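The values are calculated or read from the model by the stated rules, or taken from the named source; none is laboratory data. Small disclaimer: the values here were computed from a predicted structure and weren't measured. Quick reminder, even Gly has a Cβ in these numbers, built from the backbone with ideal geometry, and neighbours come from all protein chains shown.
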Amino acid sequence: MNAITEALPRLERTGRVTQLRVLRSEWTKLVSVRSTRWSLLVAVILTVGLPMLFAGVTSAHWGSMGPNERADRHPLDIALAGVNVSQLAIAVLGVLTITAEYSTGMIRSTMIAVPKRLPVLWGKMIVYSLVGFVLMLPSVLIAFVGSQAILDRHHLLQISFSHHGVARSVIGGAVYLVLVGIFAYTIGAITRNTAGGIATFAGIFFVIPPLMNILPSSWNNAITPYLPSEAGRQIFSLTRGAHSLSPAAGGALFAGYCAAALALAAVLLATRDT
Amino acid sequence: MIEASALTKVYGEKRAVDDLTFTVRPGMVTGFLGPNGSGKSTTMRLVLGLDRPTRGDVTVNGKHYRAHIAPLHEVGALLEARSIHTGRSARNHLLALAQTHGISRKRVDELIDLVGLHDVARKRAGKFSLGMGQRLGIASALLGDPHTLLLDEPVNGLDPEGIHWIRNLLRSLAAEGRTVFVSSHLMSEMAVTADHLIVIGRGKLIADTSVDEFVRRASGLLVHVRTPQAAKLRELVVRDGVHVTTTEPNVLEIEGLTPEQVGELAAEHRIVLHGLSERQASLEEAFMHLTRDDVEFKALEREETAA
């Protein structure tokens, strides 16, 4: 143990904290925790696997379906079925990306290394968004191509990638998931608590929308299109409901919600005690 | 160099830090001493910019902590509260911190060896013992080769060998001209490690002095009395400037009177003494004597008696 009683070896001072360096650090943090890797794997499996499963089931039962039931089946709904489920995994991981630092106390080490704090908020968001997009884009493309291949024999369920709106919907599935991740992440940054963050996200995405059906339909029609979940899902919806926003408007509104939540998170992070 | 002026932090009703002014100088180990809950950790958090002061100001190496462009090169910190993601390995934890400053992997590995965590560096930090966690915290504090070190209760959870190691490390870091600020609630620990002491109680500054001076000033003599009429004698001797403690039945420890005074007082009131002797107060007793009025639960006790 004599070796460790030597004084500290000198270090060449390597300059300042930069956003790029914080990005590298956040990348290391994201990939060095086992639960992150598992959540991302689950999101990929759900996004790719569920459409394959639904395509297989639909194909097997096609012969016994009536004309109305057949008409109800849309190939793009099948191809993007996984998005609706994997959004939960993406959202939970988005919340955890920041709340786990609070629950473990890691946030103090982070803030000591980067006392200006905001580079951390941006850094985590950029890294998580990039990782999400890089994983989800191939996933939705594989889901589309794969489910189409399984539905190969059914002329009615074939749709071309070049058909109007199809490419936008499929790629939109990946974009939507990335935005869901960002939205959940900012909620995590605001609540600083895993349970609180997930509950808030679930409230906004899964509790409030069905409650709207209790309202008079004129109110419902006036409010629902502007809810984050409804606006966001227009990004990957091929067909548009009578009261829905356009894909571009819905996507822009959802991105706007993300930006507003992020701005609030930034103000709170810069001013609150850690 | 750490400079605090009129530093104050109020949480709701509680004044955790109350008008603290002090300077921590380079080239020596400065002990930050106070009972548990006296505001040491809060002060450290204010220095590091984790919390904002309600009033007053504190700078490190001439600037607010948040204003430093490369804080890990300026200040290395070990906080008392765990500050590690439990699911990440020690090596990845240090690497993530190092990368914010462009510090190399080689340096991370050097530090892991320095603190003796080589064999467990790839294990999840959540499985670490308290002592291993402290060593990892010290590695992260030393990562940036900082001018100033801020260590909150660094010997907590360390075995005797680890305590010895920390002492030597702190002393050699100070000898290299660094500022070393280390908190403890143990006077005995500070007496062997520190050169200078900043003592606080209930968030207020009690003493800012060299260790030698503190020991000389604080450690008075105690009169040890054994008597079957302890309660009666106690009533007689208690007045301003005199403090009496009872460690066992029929024994009083009197501080602030000479044995002659106690003996004469007993004779005057026909109190039987079975023993009367004088002894030097220990460092811990000296420290308790200084902070006695500032320990929160004591204050509560007094209020209850008064009510």
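A single member of A:GLY165, A:GLY203, A:GLY181, A:GLY172 is without any contact (Cβ under 8 Å) to a residue 12 or more places away in the chain and under 20 Å from A:GLU230 (Cβ atoms), and it is A:GLY203. Here the helices (runs of 4 or more DSSP H) wholly within the stretch A:179-274 that include at least 3 residues being hydrophobic (A, V, I, L, M, F, W, C) are A:194-202, A:217-223, A:247-271.
Within the stretch B:100-114, track down each residue that is at the interface with another protein chain (Cβ under 7 Å from one of its Cβ atoms) and buried (at least 24 other Cβ atoms within 10 Å of the Cβ).
B:THR100, B:HIS101, B:ILE103 - these are the residues of the stretch B:100-114 that are at the interface with another protein chain (Cβ under 7 Å from one of its Cβ atoms) and buried (at least 24 other Cβ atoms within 10 Å of the Cβ).
Within the stretch A:132-153, the residues that satisfy the criterion of being among the β-branched types (Val, Ile, Thr) and in contact with a Ser or Thr (Cβ under 9 Å, 6 or more places away or on another chain) are A:VAL140, A:ILE142, A:ILE150. The conditions of being at positive phi and in contact (Cβ under 8 Å) with a residue 24 or more places away in the chain are met by B:GLY203.
Among the residues of the stretch A:136-186, those identified as of a type in the set (Phe, Trp, Tyr) and under 30 Å from A:LEU30 (Cβ atoms) are A:PHE144, A:TYR176, A:PHE183, A:TYR185. A count restricted to the stretch B:124-158 and to residues that are hydroxyl-bearing (Ser, Thr, Tyr) and in contact with a helix residue (DSSP H, G or I) (Cβ under 7 Å, 6 or more places away or on another chain) stands at 2. Do we have any residue at all in the stretch B:177-193 that's in contact with a helix residue (DSSP H, G or I) (Cβ under 7 Å, 6 or more places away or on another chain), farther than 30 Å from B:VAL251 by Cα, surrounded by fewer than 21 Cβ atoms within 10 Å (Cβ to Cβ) and not aliphatic (A, V, I, L, M)? Within the stretch B:177-193, not a single residue is in contact with a helix residue (DSSP H, G or I) (Cβ under 7 Å, 6 or more places away or on another chain), farther than 30 Å from B:VAL251 by Cα, surrounded by fewer than 21 Cβ atoms within 10 Å (Cβ to Cβ) and not aliphatic (A, V, I, L, M). Scanning the stretch B:172-186 for residues that are among the hydroxyl-bearing types (Ser, Thr, Tyr) and touching a Lys or Arg at 6+ places or on another chain (Cβ under 9 Å) yields B:THR179, B:SER183, B:SER184.
Any chance you could count how many residues in the stretch A:83-118 are farther than 17 Å from A:SER32 by Cα, without any contact (Cβ under 8 Å) to a residue 24 or more places away in the chain and not in a helix (DSSP H, G or I)? Of the residues in the stretch A:83-118, 1 are farther than 17 Å from A:SER32 by Cα, without any contact (Cβ under 8 Å) to a residue 24 or more places away in the chain and not in a helix (DSSP H, G or I). Screening B:VAL75 on (1) at the interface with chain A (Cβ under 7 Å from one of its Cβ atoms); (2) modelled with pLDDT of 95 or more shows it passes everything except condition (1).
Across the stretch B:118-134, the number of residues qualifying as within 20 Å of B:LEU151 (Cα to Cα) and either at the interface with another protein chain (Cβ under 10 Å from one of its Cβ atoms) or in a helix (DSSP H, G or I) (or both) comes to 6. The residue that is modelled with the lowest pLDDT, among those in the stretch B:81-123 that are basic (Lys, Arg) and either in contact with a helix residue (DSSP H, G or I) (Cβ under 8 Å, 6 or more places away or on another chain) or under 21 Å from A:VAL127 (Cβ atoms) (or both), is B:ARG82. Kindly indicate the residue of the stretch A:192-201 that is buried (at least 16 other Cβ atoms within 10 Å of the Cβ) and either over 19 Å from A:ALA89 (Cβ atoms) or among the aliphatic types (A, V, I, L, M) (or both) and also farthest from the chain's Cα centre (by Cα) among those meeting that condition. Taking the candidates together, the pick is A:ARG192.
When B:LYS63 is tested against (1) surrounded by fewer than 19 Cβ atoms within 10 Å (Cβ to Cβ); (2) of a type in the set (D, E, K, R); (3) within 10 Å of chain A (Cβ to nearest Cβ), just one condition goes unmet, and that condition is (3). Against the numbered list (1) aromatic (Phe, Trp, Tyr); (2) under 25 Å from A:LEU118 (Cα atoms); (3) surrounded by 15 or more Cβ atoms within 10 Å (Cβ to Cβ), B:PHE22 comes up short only at (2). Of the residues making up the stretch A:245-264, at least one is touching a residue at least 60 places away in the same chain (Cβ under 8 Å) and within 24 Å of A:ASP72 (Cβ to Cβ).
What do you reckon, is A:VAL85 under 24 Å from A:PRO228 (Cα atoms), surrounded by fewer than 19 Cβ atoms within 10 Å (Cβ to Cβ) and of a type outside the set (D, E, K, R)? For A:VAL85, the condition - under 24 Å from A:PRO228 (Cα atoms), surrounded by fewer than 19 Cβ atoms within 10 Å (Cβ to Cβ) and of a type outside the set (D, E, K, R) - is met. For the stretch B:236-263, filtering for residues that are more than 15 Å from B:HIS289 (Cβ to Cβ) and surrounded by 12 or more Cβ atoms within 10 Å (Cβ to Cβ) leaves 12. Of the residues making up the stretch B:140-160, those that are over 16 Å from A:GLY105 (Cβ atoms) and either part of a helix (DSSP H, G or I) or in contact (Cβ under 8 Å) with a residue 40 or more places away in the chain (or both) number 12.
Given the stretch A:1-82, what helices (runs of 4 or more DSSP H) lie entirely inside it while holding 3 or more residues that are away from chain B (no Cβ under 14 Å) and small (Gly, Ala, Ser)? Ranges flagged: A:34-61.
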